[in-house]
Amino acid sequence: MADVQITFPDGAEKTFSVDTTPLEIAKSISTSLAKKAVSGKLNGEYVGMHDAIKESGDFELITKDDEEALQLLRHSVSHLLAQALNRLYPDQIHYGVGPFISNGFYYDTDKVEGNQISVEQFPEIEKMMKRIVKENLPIVSREITRDEALDMFKNDPYKIELINDLPADEHISIAVQGEHVELDRGGLVPSTGWIKHFKLTSVAGAYWRGKSSNPMLQRIYGTAFWNADELDAEMKRRAEAKERDHRKIGADQDLFFTSQEVGSGLAVWMPNGAAIRRTLERYIVDREVQDGYQHVYTPVLSNLNLYKQSGHWDHYRDDMFPPMDMGDGEFLELRPMNCPSHIMVYKHQQRSYRDLPFRVAELGMMHRYEKSGALTGLSRVREMTLNDGHTFVMLDQIEDEFKKILQLMVDVYKDFDITDYRFRLSYRDPKNTEKYFDDDDMWEKAQRMLKGAMDDMGLAYFEAEGEAAFYGPKLDVQIKTALGGEETLSTIQLDFLLPERFDVTYVGSDGELHRPVMIHRGIISTMERFTAYLTEMYKGAFPTWLAPHQVRIIPVNREAHGEFAQQLTDRLVKQGIRAEYDGRNEKLGYLIRNAQSLKIPYTLVIGDEEVSNDTVTIRRFGSRDTNVKSVDQFEKDLLADIANHSRA
Ligand code: ATP
Ligand code: ZN
């Protein structure tokens, strides 16, 4: 019999007879290794524990201790799910693909009868999955011919499509467990008995292969771990994430909604959400004006030529709404970015070195045709308003301006108690410099300068090569979302290119025309994403200055105390405080609980004592205790709390 030469990661070599399995190799080393080995890997390709090794090469065993083993487990659970579905609903389901993903796995299915699988069926499906686990079916892979594959999956139109799309010389392999067969490249646990701690979590619509012209399938999501504690912890984390999801809080507190009727990704801000947004907008505009920005209003629609000149039309068209043909030769475009508009502001007059740095800012509404699958509440929408700003500077002003913007950013974050963020310096990819604006000297200088400025200011950061924009290096602020993802909140980007494209100039002290550098910056991102972020960060308990309702005033008895309560409300409202009188005909306890469930910072209860002493009994959100203050003192303290911009 022929032999294969196996080279282990430590360099040791050993000869085995051909068709030996990873399990046999593991056993030849130690029984404990054989017990925890999940899969073999030969020359970088998975070989299942029971599969035959046909060639020599570099070999390693993946054990439960390896991080990637979790991916194999989750991939295997997706097969287990399909097998269970097949047993429960034979011949009623078509199958798409079932990969592992970062936090679990999914399987795309299409129920032939038209009945959808719903979360109500999960317990039944999980029960069947557990039964198959008990059967401890070995999972084995093998190669088959294209004709065999086409025959084997003839009742599965999606699988047939996948097979037909494989290149002619591609090997086709299947994974078999008991009666169940998957079209699969491997990377699976040795048997169904290895799968113990798993959970189906949700089901959502997903277009076949992500294309909206394809049929909509049902994507069943789940997750799995090696031990029960980890699974429990993950399920708890998810429940908590759901609780703080801005879409849930947005509905509970009536902040905003999106609907098909209005159009996908087009948010309607209800009065409560609008109160938050108005506060944010006033705050940031005032802050920027203090920092020397000139705020402008420019049109959301512009002549398409503007975006041809900027390069957006060539490079960004997929994200833009289609142009409007006005029928008279003019094409109008909903802008995807505000930069060209601000360049028009700059270029409206000839600027000189004395005008620089020239800072233009705007709460600029823009439209981007985001993929429908990516739309998420307020955090990813198709119409958004960006806290945008562009400063035009001379080369030797970049560093100071960069620091000034950074300082603004840090100050603003303090006002919102944002502490969980990371600075990312994004450079061009040194191995791929031709992908970027062509001026090596400029790049080197600019990147060194940004780094130097961060060091000067004593700010911690990490560096990311290849993350720069095409037109220049940048600094991004990365924050975590409730769902565990990372998003960019603020950004400062140097741009050498747009000034060229639009022939932007200033008259230098030498009387000659020079090219300024443009800095794009956003401090609090779009009103949409920032509101989503704050909602999740505060878990809906907004600090007083941002809270849609700041004070709710409840009379113990409407007849006796209603008038006092109403007058107090009017007095506070006149001070610009968002106070409201709750004179609904309900039990006092109910009204207090209702105010607390809406996370209103202050609930005031007015009874006999309060009316005769001109006082209020105050309950702060989240506190069981109450305290009593004179109306004057309460008003003074409340105004101070609002001015303080911070969680008390
Ligand atoms: P992303 O990578 O999130 O798509 P981007 O890199 O395209 O964003 P920029 O063009 O720099 O983003 O836009 C500025 C900011 O606007 C982003 O940092 C982000 O906070 C916000 N933003 C971008 N797209 C959306 C959207 N679809 N909905 C809400 N906010 C958005
Ligand atoms: Zn810009």
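The values are calculated or read from the model by the stated rules, or taken from the named source; none is laboratory data. Since we're looking at a predicted model, the values are computed, not measured. Cβ placement follows ideal geometry from the backbone for every residue including glycine, while neighbour counts extend to all protein chains displayed. Areas reflect the complete protein model, heavy atoms only, side chains present, ligands, DNA and RNA absent. Shrake-Rupley method; radii C 1.70, N 1.55, O 1.52, S 1.80 Å.
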How would you order 134-147, 96-109, 194-207 from highest to lowest mean count of nearby Cβ atoms within 10 Å?
-> 96-109, 194-207, 134-147
Sequence order, segment 556-570: Karplus ³J(HN,Hα) from phi using 6.51 cos²θ - 1.76 cosθ + 1.60, θ = phi - 60°, Hz rounded, Gly and Pro as x, gives 5, 9, 4, 4, 7, 10, x, 5, 4, 4, 5, 5, 4, 4, 4
Quote the FRET efficiency, to the nearest 0.05, computed for E243 versus R624 with a Förster distance R0 of 22 Å and r equal to the Cβ-Cβ distance.
-> 0.60
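Rounded to the nearest 5, what % of DSSP beta bridges with both residues in segment 431-548 are antiparallel? Don't skip to the end; give the middle numbers.
Values: 14 of 14 bridges.
Roughly 100 percent of the beta bridges in segment 431-548 run antiparallel, per DSSP.
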Run down the lysines and flag those whose C-alpha is under 21 Å from the C-alpha of K474, throwing out any fewer than 8 positions away in its chain.
-> K403, K404, K431, K435, K445, K451
Which whole-number value in Å² is the accessible area per residue of the chain, probe 1.4 Å?
-> 48 Å²
With label points set 7 Å from each Cα along the Cα-to-Cβ direction at K14 and N644, the distance between them in nm comes to 6.8 nm
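Can you pull a Stokes-Einstein diffusion coefficient for segment 1-159 at 25 °C (0.890 mPa s), Rh from Kirkwood over Cα pairs, as a whole number of µm²/s?
Numbers: Rh = 17.9 Å.
Estimated diffusion coefficient is 137 µm²/s.
I need the trypsin sites (Lys or Arg not before Pro) found in segment 1-104, filtered to DSSP loop residues with at most 14 other beta carbons within 10 Å of theirs.
On the way: sites: K14, K27, K35, K36, K41, K54, K64, R74, R87; in loops: K54, K64.
Answer by residue number: K54.
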Residues of type lysines that K27 reaches as a straight line, Cα spacing below 26 Å, ignoring anything fewer than 8 places off in the same chain = K14, K35, K36, K41, K54, K64, K134, K196
Quick one: if you stick a label point 7 Å off each Cα along the C-beta vector at T298 and M442, how many nm between them?
-> 1.9 nm
Interchain or long-range residues, amide H under 5 Å from T109's placed H = G96, Q218, R219, I220
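Can you divide the C-alpha Rg of segment 417-461 by 2.2 N^0.38 Å and report the result to two decimal places? Before the final figure, lay out each step's value.
Details: Rg = 13.2 Å, N = 45, 2.2 N^0.38 = 9.3 Å.
After normalising by residue count via 2.2 N^0.38 Å, the value is 1.42.
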Give the long-range amide H neighbours of K629: residues separated by 5 or more places, or on another chain, with amide H under 5 Å away, using H modelled in the peptide plane at 1.01 Å from N.
-> V616, I618
Cβ-Cβ cut-off under 10 Å around K474, Lys and Arg +1, Asp and Glu -1: the net charge is -1
Which value, in debye to the nearest 20, gives the size of the charge dipole of the chain about its Cα centre, when Lys and Arg are +1 and Asp and Glu are -1 at the Cβ?
-> 1860 debye
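With the cut-off at 1.5 for a/c, could you classify the chain from its C-alpha gyration tensor as rounded, prolate or oblate? Can you show the working numbers first?
Numbers: a/c = 2.13, a/b = 1.37, b/c = 1.55.
Judged from the Cα gyration tensor, the chain comes out oblate (a/c at least 1.5, b/c at or above a/b).
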Round to a whole angstrom and tell me the spacing of the C-alpha centers of segment 305-371 and segment 532-610.
-> 44 Å
The percentage of Cα-Cα pairs in segment 368-524 separated by more than 26 Å is 32 percent
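I'd like the GluC sites (Glu not before Pro) in segment 1-84 restricted to DSSP loop residues with at most 14 other Cβ atoms within 10 Å, sorted by number.
Of the GluC sites (Glu not before Pro), the ones in loops of segment 1-84 whose Cβ has at most 14 other Cβ atoms within 10 Å are E55.
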Excluding residues on the same chain fewer than 8 positions from K236, give the aspartates and glutamates whose Cα lies under 17 Å from its Cα.
-> D245, E536
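For N214 and D65 in the same chain, what is the full-extension length gain: residue separation times 0.36 nm, less their Cα-Cα distance, in nm?
Stretched out fully, the N214 to D65 stretch lengthens by 49.6 nm.
Output the peptides 574-582, 260-268 sorted from most to least packed, where packing is the average of other Cβ atoms within 10 Å over each peptide's residues. Could the numbers behind the result be given before it?
Numbers: 574-582: 16.2, 260-268: 13.3.
Peptide ranking by packing, descending: 574-582, 260-268.
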Net length gained if the chain between V262 and S118 were fully extended (0.36 nm per residue, minus Cα distance) | 49.1 nm
Step through the residues of segment 581-590 one at a time and calculate ³J(HN,Hα) from phi using the Karplus curve (6.51 cos²θ - 1.76 cosθ + 1.60, θ = phi - 60°), rounding each to whole Hz and writing x for Gly and Pro.
-> 8, 10, x, 5, 7, 9, 4, 3, x, 5
Applying the Karplus parametrisation 6.51 cos²θ - 1.76 cosθ + 1.60 with θ = phi - 60° to the phi angles of segment 395-402, what ³J(HN,Hα) value in whole Hz is obtained for each residue in order, glycine and proline being reported as x?
-> 3, 7, 9, 4, 4, 5, 5, 4
Length-normalised contact order for the chain - Cα pairs under 8 Å, 6+ apart - percent | 9 percent
Mind listing the long-range amide H neighbours of V203? Cut-off is under 5 Å, sequence gap 5 or more, other chains count too, H placed in the peptide plane at 1.01 Å from N.
-> Y221
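Using packing as a proxy for protection, rank 603-613, 500-510, 367-377 so that the peptide with the highest average count of other Cβ atoms within 10 Å comes first.
Working: 603-613: 17.9, 500-510: 14.5, 367-377: 16.3.
Sorting 603-613, 500-510, 367-377 by mean packing, highest first, produces 603-613, 367-377, 500-510.
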To the nearest 0.05, the calculated FRET efficiency linking E126 and Q478 through their beta-carbon distance, R0 being 35 Å, is 0.45
Computed label-point distance, nm, for sites E330 and K431 using a 7 Å Cα→Cβ extension | 5.0 nm
